[in-house]
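Participant: Take a look at this one; I'll ask things after.
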Amino acid sequence: MSAQPRTIPIHPEGGGKSAAFEFLSTRKDELVGWARKFSLFPYPFVTACCAMEFMAVSSTPYDTDRFGAALPRFSPRQSDLLMVVGTVTHKQAPVLLKVYEQMCEPKWVMAFGVCATSGGFYQNYAALPGIDRVIPVDIYIPGCPPRPETVIDGIMRLQDKIARAKHPIITKDF
């Protein structure tokens with residue numbers, strides 16, 4: 001008697017999904033979520049005084065690279081995290097939207113500081129009252145300017161959001 005290899009049906013005849021398929025699908029989402037959460041490539045859209053705190057967060061004492069947010073990329077096509085740092089005016093809004101549209105999926109947006117989140121103390125005719133009027137925002141970092149610890153906490157919260165999300169993998173049949 002020869003031993004037959006045991007096979008697990010991925011899609012049983014009934015049309016439903018088997019337990020093995022559900023297990024593999026769940027594990028795939030966890031694996032892709034873990035990989036994406038620790039490989040953020042930020043693109044800084046820096047416009048105002050919060051830039052000093054952004055430089056502090058990126059430097060040695062805080063080292064955002066240990067949290068998976070590596071050195072900034074200077075092309076939106078190479079990044080998946082748009083960090084809007086500082087005041088955005090109405091004239092800059094189309095530029096910000098174009099930068100956002102150039103980023104590949106999946107992409108996330110961080111509003112860095114009170115000016116990016118709500119217009120800050122510049123609330124006048126020229127300042128945009130929050131970047132969420134132009135692009136969707138995933139995480140808001142409060143403060144004027146925000147402390148580096150607050151920014152790191154925001155990065156960690158964004159990582160948790162990324163890990164919990166569904167991660168579809170697109171396959172093409174050739």
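Every number here is computed from the coordinates shown, using simple stated rules; none is lab data. Fair warning: this is a prediction, and the values are worked out from it, not measured in the lab. Cβ placement follows ideal geometry from the backbone for every residue including glycine, while neighbour counts extend to all protein chains displayed.
Participant: List the residues whose amide H sits under 5 Å from the amide H of Val46, counting only those 5 or more places along or on another chain, with H placed 1.01 Å from N in the peptide plane.
Facilitator: When sequence neighbours closer than 5 places are left aside, the close amide H contacts are Val85.
Participant: What list of ³J(HN,Hα) couplings, whole Hz, do you get for region 108-116 from phi and the Karplus terms 6.51, -1.76, 1.60, once you set θ to phi - 60° and write x for glycine and proline?
Facilitator: 10, 10, 10, 8, 9, x, 5, 5, 6
Participant: Once amide H atoms are built 1.01 Å from N in the peptide plane, which residues 5 or more positions from Leu82, or in another chain, come under 5 Å H to H?
Facilitator: Tyr43, Trp108, Val109, Met110
Participant: Moving to a separate point now. Skipping prolines and chain starts, which residues have an amide H placed within reach, meaning under 5 Å, of the one on Thr89, given they are 5 or more residues away or on another chain?
Facilitator: Close amide H contacts, sequence-distant or interchain: Leu128.
Participant: I would also like to ask the following. For Arg133 and Ala56, calculate 0.36 nm times their separation in residues minus their Cα-Cα distance, and state this gained length in nm to one decimal. Before the final figure, lay out the partial values.
Facilitator: On the way: separation 77, 0.36 × 77 = 27.72 nm, distance 2.80 nm.
Taking Arg133 through Ala56 to full extension adds about 24.9 nm, to one decimal.
Participant: Just to verify a number: FRET efficiency for Lys91 and Trp34, C-beta to C-beta distance, R0 = 45 Å, to 0.05?
Facilitator: Numbers: r = 40 Å, r/R0 = 0.89.
The pair Lys91/Trp34 has a calculated efficiency of 0.65.
Participant: Just to be sure I understand the curve: with the Debye formula and one point per C-alpha of region 70-164, what is log10 I(q)/I(0) at q = 0.20 Å⁻¹?
Facilitator: Rounded to two decimals, the profile gives -1.00.
Participant: Going by how many other Cβ atoms sit within 10 Å of their own, how do Ser58, Ser79, Ser39 line up, fewest first?
Facilitator: On the way: Ser58 19, Ser79 23, Ser39 12.
Sorted ascending by nearby Cβ count, the order is Ser39, Ser58, Ser79.
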